[in-house]
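Trainee: Structure below; questions to follow.
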Amino acid sequence: MNSDYLMYSATFLYLSCYLPELYSNYKNKNSNIYNIPEKIIMLTATSCGLSYALINKKIPLIVNYGPMLVLDILTLSLRIYYTYINNKINQNINLDV
């Protein structure tokens with residue numbers, strides 16, 4: 001029980017790495033289709049980790065994987081959206097030329 005602080009520290013550090021990525025995706029508004037499979041795998045892994053934590057009622061793991069699942073969904077959604085928008089813009093540019 002006294003080692004739970006390690007999991008909470010890992011959660012904080014992991015989430016602090018996600019925030020610049022989300023900001024970068026929003027600010028740059030670019031992504032390509034090659035980034036999407038990585039995010040799908042991360043979403044699947046996070047879902048499995050959260051399922052394990054819920055089944056075994058491990059609070060530190062639930063605290064870790066819960067926000068990560070939300071951030072994975074948000075990141076994947078942004079990447080899919082910007083990939084779609086960028087491809088649509090590129091198609092319109094190609095049609096104009």
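The values are calculated or read from the model by the stated rules, or taken from the named source; none is laboratory data. Everything numeric in this text was worked out from a predicted model, so none of it was measured. Here Cβ is always computed from backbone atoms with ideal geometry, including for glycine, and neighbour counts include all displayed protein chains.
Trainee: Of everything in segment 62-96, what is farther than 23 Å from Pro20 by Cα and not β-branched (Val, Ile, Thr)? Give them in sequence order.
Mentor: Asn87, Lys88, Asn90, Gln91, Asn92, Asn94, Leu95, Asp96
Trainee: Further question on the same structure: Look through Tyr65, Tyr81 and report the one residue that is of a type outside the set (D, E, K, R), closer than 25 Å to Leu13 by Cα and surrounded by 13 or more Cβ atoms within 10 Å (Cβ to Cβ).
Mentor: On inspection, the qualifying residue turns out to be Tyr65.
Trainee: Going by the structure shown, is Met1 modelled with pLDDT under 90, among the hydrophobic types (A, V, I, L, M, F, W, C) and exposed (fewer than 11 other Cβ atoms within 10 Å of the Cβ)? It would help to see each step written out before you state the result.
Mentor: Values: modelled with pLDDT under 90: yes; among the hydrophobic types (A, V, I, L, M, F, W, C): yes; exposed (fewer than 11 other Cβ atoms within 10 Å of the Cβ): yes.
Criteria met by Met1.
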